[in-house]
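Reading through the structure tokens given below for one structure.
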Amino acid sequence: MHAEALMRLRAAMQQNAVDIMLVDHGELLAWLTGFTVSETLYRACLVPLNGEPWMVLRQLDEAPCRTQSPNLDVESYRDDQDAWHAVAQSLIRRGYQQARIGADFYSYGMTVHSWQQLSRYLPDVRWCDLTGLSDRLRSVKFPAEIAALRQAAAIADATLMAIGAEVEGGWRVRDVAALAAGQFLQLGADTGETGPIVIASGDNGFLHASGHEQRLEKGDVLHVELIPKVKHYSARLMRPYIVGEISTQRAELAAQLIAIQDQQFAAMKPGMVAHDVDAIVRDAVLSRGLRADYPNITGYALGLYTRTPRPSDFSCSFHANAQWLLEENMVFHMYISAQGLAFSETVRVTPAGAERLTNLPRQLLSLPDQ
């Protein structure tokens, strides 16, 4: 167990008069225990307000859990047993059959079916709705988390430089992605998952596009988003590469986007309201006519990502209605895009404004056309 994380969780439990917290959110499991696993079968860490936490999971995962969380008590069940019943019986055996149990109903583990099964097996407990707690607890990063994010950011920087040094016109987009994946693994990333690498057009549709079989031609914009993870912590970086000569129009557009985002970074201080930070980019891009509309957010929380359905964390995201306040040592992926060009950075909130963890020059880049 991570002592500081456990203290943060228990403070929230005490504030909400919770006897025991049922943790089934993949990222919170990893943040709290150092171990996480897929939801092939239901699993949970049970954290009492007083006393030692314990894990209930399938027997196949018991050994790696004990290895990665050596001080955590572990109970396991066979694959032919009912996972929810195993969790419920574990709580009953330890005297929590009438307890106030905290649950995050926004957790991907706490599906309607999971809650129905647990409620059926635990008819006398009182469920305490702590929706969103699994993300809120992790929003301000510990020093070790920031260190992992710095490592991941350095991998993104080095990989982007390798793309610039090797890629030229005629390459398949797939081959660019393969180069990036290989760099990730060689440089120490957890996996070779690269992020979107595509030929770009439009204001924002390309950000989540695909098209690996296309070949780079003169005048194309190669959009590169890199999302390396170190110890599950993901840093992110976007840059556009122009195949061939950079036109004056594109150079001027890039300069405007970068300058606007730099103003946003300068404003990212503790106590700022998120929608005010968002407005710096949104209002400037629209008022200058760089885009006709700006439906997407301008940034979102970064941190720990595990085996859940979401590749990004929008628990703290920047949009026109965002009312939450920035705090020191929050970390974000901030991005800006228009007319096929996108720039982004991994940044940390400090009293002096955003500190960039990704450190490459902020500029439009080019590749040889052949």
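The values are calculated or read from the model by the stated rules, or taken from the named source; none is laboratory data. All figures in this text were calculated on a predicted structure; none of them were measured in a lab. Here the Cβ positions follow ideal geometry from the backbone for every residue, glycine too, while neighbour counts run over all protein chains shown. Calculation scope for accessible area: heavy atoms of the full protein, side chains included, ligands and nucleic acids excluded. Shrake-Rupley method; radii C 1.70, N 1.55, O 1.52, S 1.80 Å.
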For region 245-329, what % of the accessible area comes from carbon and sulfur atoms, probe 1.4 Å? 52
Take peptides 324-337, 220-233 and line them up by average Cβ neighbours within 10 Å, highest first, as a rough protection proxy. 220-233, 324-337
Take every Cα pair under 8 Å in the chain that's 6+ residues apart, average their separations, divide by the length, and report that relative contact order as a whole percent. 16
Is region 252-328 best put as rounded, prolate or oblate by its Cα gyration tensor, with a ≥ b ≥ c the root eigenvalues, rounded for a/c under 1.5, and otherwise prolate when a/b is larger than b/c, oblate when not? prolate
Cα centroid separation - region 101-171 against region 1-76, whole Å: 15
Cβ under 15 Å from ARG58's Cβ, ARG58 left aside: what net charge do those residues give with Lys, Arg +1 and Asp, Glu -1? -4
Apportionment of accessible area to carbon and sulfur, region 4-49, percent (1.4 Å): 50
Per residue, accessible area of the chain with a 1.4 Å probe, heavy atoms of protein chains only, in Å², comes to 42
Apply the a/c threshold of 1.5 to the C-alpha gyration tensor of region 1-61 and tell me whether it is rounded, prolate or oblate. prolate
Over region 144-238, with every protein chain in place, what whole percent of the accessible area is carbon and sulfur at 1.4 Å, could you tell me? 51
So how much slack lies between ALA165 and HIS212, counting 0.36 nm per residue of separation and subtracting their Cα-Cα distance, in nm? 14.9 nm
Lysines with Cα under 28 Å of LYS229, excluding same-chain neighbours fewer than 8 positions away: LYS141, LYS269
Starting from the Cα of LYS231, draw a straight line to each of the aspartates and glutamates and keep only those under 18 Å, dropping any in the same chain fewer than 8 residues away. GLU4, GLU27, ASP135, GLU145, ASP157, ASP190, GLU193, ASP313
Gyration tensor verdict on region 102-245 (Cα atoms; rounded if a/c is under 1.5, prolate if a/b is larger than b/c, oblate otherwise): prolate
